[in-house]
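Here is the structure we will look at.
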Amino acid sequence: MLSRLVVRASRAAAARPPRTATRAIPPAAARPRRRLLSTTPHRLAPATTAPRAGPRLVEASNPVKGITVQLPGGSTTSFSYVWLRDHCREERSYHPATRQRLVDTPKIPADYRPDAVRSDERGIYVTWPNSSFESTYESFFPWSFLAEHAYNPPVVRQADLPSANSSKVFWTREIAHDMPTVTYDEVMSTEKGVYEWLKRINTFGFSLCSGIPGTPEATEALIRRIAFIRDTHYGGFWDFTANLEHGDLAYSEVRLEAHTDTTYFTDPCGLQLFHLLSPSSSHKGGHNLLVDGFRAASLLEATNPAAHALLSTVPVPSHASGSGSASLPSGVHLRPLVRVPVLNYDEHGELVMVRWNGDDRGVVGGEAFEGAKMDEWYEALRAWEGILRSDEAQLWSQMEVGTAVIFDNLRVLHGRSAFTGERRLCGAYVNGDDYRSRLRGLERQFGGHGGGDARRAALDGVLRERFGILRRGEGKGTVWEDYL
Ligand SMILES: [Fe+2]
């Protein structure tokens, strides 16, 4: 299949008379195996040494600015020379250890042209000229990299790949019969144990961890297996009983409906872990509530599209404004830089964040809620809360010493029943980006082909089956490893 890949330097086309697509195609046995086409703007290869198997050359839309690649099946796509120079991964342009760009992109001349472009079964080689910009050297681009990042047009569409949420399992209270769980010993003793823990969090939005020594020190060490702890106005690692030291109802004894935490941050906390340190006999009530927000959003979309549309688009204000404490006498005055809706989708239509806390919600009003929209928004709120508070959605459990619960605060809402007596909890937040970075790293370490990433594996499959392109050592841990 790779023998049918054709690369064409567009400038060459501009310098030559128009070609026809009827040139003789050499028999397969006569085709060179490695170099399919060597094309230079100034030293064009004779037509007889430039095999054209199957697909014809396509005239580039802007023939002096880039190359056109033709893939098996007839797809063609173009890359500008500026794009190619910008994405060079040779050491002078890209640091192999830090994987940071070294080329000064705005200084690449807009009319930059290579001296030569050639291709073989691995990819494309571009020879840049001696110029005031740089001394001559050669860049290499694997076919897989070009196909993955093609833009004019893209050759792999988002619709060709599984949803980023396809690996997640939406759940109801029935999950109580088979709770995702790992043990403290496996997490503390091996990286594979951390991977198993994070896989469960990614799949279900939460996980238990059992067998923890009933101390704050052991709990903190457990959390730090994922990443460093996120410090907030509540502190870093918490170890607390009910009081209003932090000016927040979380530090009281009242019931808390299902909510996500830190809606008032521009970047809400990613993971939250709780571990009960006082025996259940020391208090009455205080059961823990979890609700799968991604399932709730999906159900709302299916049953009440209008409500779903409103909650996905209307920004909601939120704040933390508790009175000051001895350590922070000026008080807390937190607001996010950008108000966002309850349900937040990315540019591909994937749900990425539920942000909902009725207690921390600010004043709704103004242009965003103009006229009848306010009544519609309250109606949508009732529909949303109706799902969150349904019996089937709510997973209630009694916390116990030795078993911590950790959850993805952007997906799973949590709450608590009212309690009396002494209830000592410890725990912490972890940044979402740091959790996801750790998960990606462990996926690449333990996940096998595709790195445990379903979309990466699917992309490899599309490139292989549709275009015959295989990653040839340019995957894991190299400068060519990349993410969609
Ligand atoms: Fe909370």
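Give me the residue from segment 240-255 that is modelled with pLDDT of 75 or more and buried (at least 17 other Cβ atoms within 10 Å of the Cβ) and, out of that set, farthest from the ligand (Cβ to nearest atom).
Filtering segment 240-255 for residues modelled with pLDDT of 75 or more gives 240-241, 253-255.
Retained after the next criterion (residues that are buried (at least 17 other Cβ atoms within 10 Å of the Cβ)): 240, 253.
Numbers: Phe240: 13, Glu253: 14 Å.
The qualifying residue farthest from the ligand (Cβ to nearest atom) is Glu253.
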Does segment 415-422 include one or more residues that are away from the ligand (no atom under 16 Å from the Cβ), more than 14 Å from Leu289 (Cβ to Cβ), among the polar types (S, T, N, Q) and surrounded by fewer than 16 Cβ atoms within 10 Å (Cβ to Cβ)? yes
Let me spell it out: the conditions are (1) over 25 Å from Ser75 (Cα atoms); (2) of a type in the set (Lys, Arg); (3) over 25 Å from the mean Cα position of the chain (by Cα), and Arg118 meets all of them except one. Which number is the exception? (1)
Please go through (1) buried (at least 22 other Cβ atoms within 10 Å of the Cβ); (2) part of a helix (DSSP H, G or I); (3) not aromatic (Phe, Trp, Tyr) for Ile406 and return the number of the only condition it doesn't satisfy. (2)
Find the strands (runs of 3 or more DSSP E) located wholly in segment 256-348 whose residues include 3 or more that are under 22 Å from Ile387 (Cβ atoms), aliphatic (A, V, I, L, M) and modelled with pLDDT of 95 or more, and list them. 288-292
Can you tell me which residue among Asp433, Asp460 is away from the ligand (no atom under 16 Å from the Cβ), in a helix (DSSP H, G or I) and within 17 Å of Leu198 (Cα to Cα)? Asp433
Among Leu198, Leu146, the single one that is in a helix (DSSP H, G or I) and either out of contact with any strand residue (DSSP E or B) (no Cβ under 9 Å at 6 or more places or on another chain) or not assigned by TED's automatic domain parsing to the domain that holds Leu71 (or both) is Leu198
For segment 185-227, give me each residue that is within 18 Å of the chain's Cα centre (by Cα) and small (Gly, Ala, Ser). Gly205, Ala227
Looking at segment 256-288 only, could you name the residues that are without any contact (Cβ under 8 Å) to a residue 60 or more places away in the chain and either within 15 Å of the ligand (Cβ to nearest atom) or more than 16 Å from Leu425 (Cα to Cα) (or both)? none
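The values are calculated or read from the model by the stated rules, or taken from the named source; none is laboratory data. Being a predicted model, the structure only gives us computed values, none of them experimental. Ideal geometry is used to build each Cβ from the backbone, glycine not excepted, and the neighbour counts take in all protein chains shown.
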